[in-house]
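Notes for the one structure printed next.
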Amino acid sequence: ICPFIRLADVTDIKLDRSLTLAREVHVTVRSWNSATQSTYSEQVCGSPVDSGTGSTGTGATTTQSRFLIHPNLTPDQALKVAHSRLAELSRHERVVQFSMPGDLTLMPRNLIRLGGTHTAFDQLYFVESVERVIGIRTGFLQHVRVSNSSPRNLTSTNAVG
């Protein structure tokens, strides 16, 4: 079960969005497979989704491109690497840091749902870190850092050389 964090539950909040990662992101993995004597190139594109209509956003005029070279991959393995790297890159598009009264149930790698901002930041996040502190004036607090990306449309292309 995913904890729901409301804006009213937090004592301090900071919302960050990387506009560089909010653009269309292309990840290309190239590989030479010595067993089959073939060259493979797998590309995955993640386009931002307009949250209001569900269609591809048109505001992104430039793309972010990443090229990786991995030896001896099959086309399926290269595609998995490309998907993994795209997810890794785009996961840091939205970062939220907040402080709230401490509890011992929230842990890194958990999922939480943020709500109450009435913005696109109201979504699921992966917990990156939880720092708990006890102070005479503040009591038991926890500082939490979470991240995720905006929804994306994914497309894949491949080429065999």
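The values are calculated or read from the model by the stated rules, or taken from the named source; none is laboratory data. As the structure is a prediction and not an experimental result, all values here were calculated from the model. Cβ sites come from the backbone with ideal geometry, for glycine too, and all protein chains shown count toward neighbours. Ligands, DNA and RNA are excluded from the accessible area calculation, which covers all protein heavy atoms including side chains. Shrake-Rupley method; radii C 1.70, N 1.55, O 1.52, S 1.80 Å.
Only one residue in R94, R113, R66 is open to solvent by 80 Å² or more (accessible area, probe 1.4 Å) and under 20 Å from L15 (Cα atoms), so which one is that? Steps first, please.
Details: R94 fails: open to solvent by 80 Å² or more (accessible area, probe 1.4 Å); R66 fails: under 20 Å from L15 (Cα atoms).
After ruling out the rest, the residue left standing is R113.
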Next item on the list: Enumerate the strands (runs of 3 or more DSSP E) found wholly within the range 55-156, keeping only those where 3 or more residues are closer than 30 Å to N33 by Cα.
Entry: 63-69
Notebook entry, point to check: Taking R17, is it surrounded by 14 or more Cβ atoms within 10 Å (Cβ to Cβ) and over 22 Å from F67 (Cβ atoms)?
Noted result: yes
Check: of a type outside the set (D, E, K, R), exposed (fewer than 12 other Cβ atoms within 10 Å of the Cβ) and free of Cβ contacts under 8 Å to residues at least 12 places away in the same chain - does that describe any residue in the range 139-161?
Finding: no
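Do we have S65 as among the hydroxyl-bearing types (S, T, Y) and modelled with pLDDT of 90 or more here? Outline the logic, then answer.
Details: among the hydroxyl-bearing types (S, T, Y): yes; modelled with pLDDT of 90 or more: no.
It is false that S65 is among the hydroxyl-bearing types (S, T, Y) and modelled with pLDDT of 90 or more.
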Next item on the list: Those residues that are exposed (fewer than 12 other Cβ atoms within 10 Å of the Cβ) and either β-branched (V, I, T) or at pLDDT 95 or above (or both), I need them from the range 116-128; list them, please.
Entry: T119
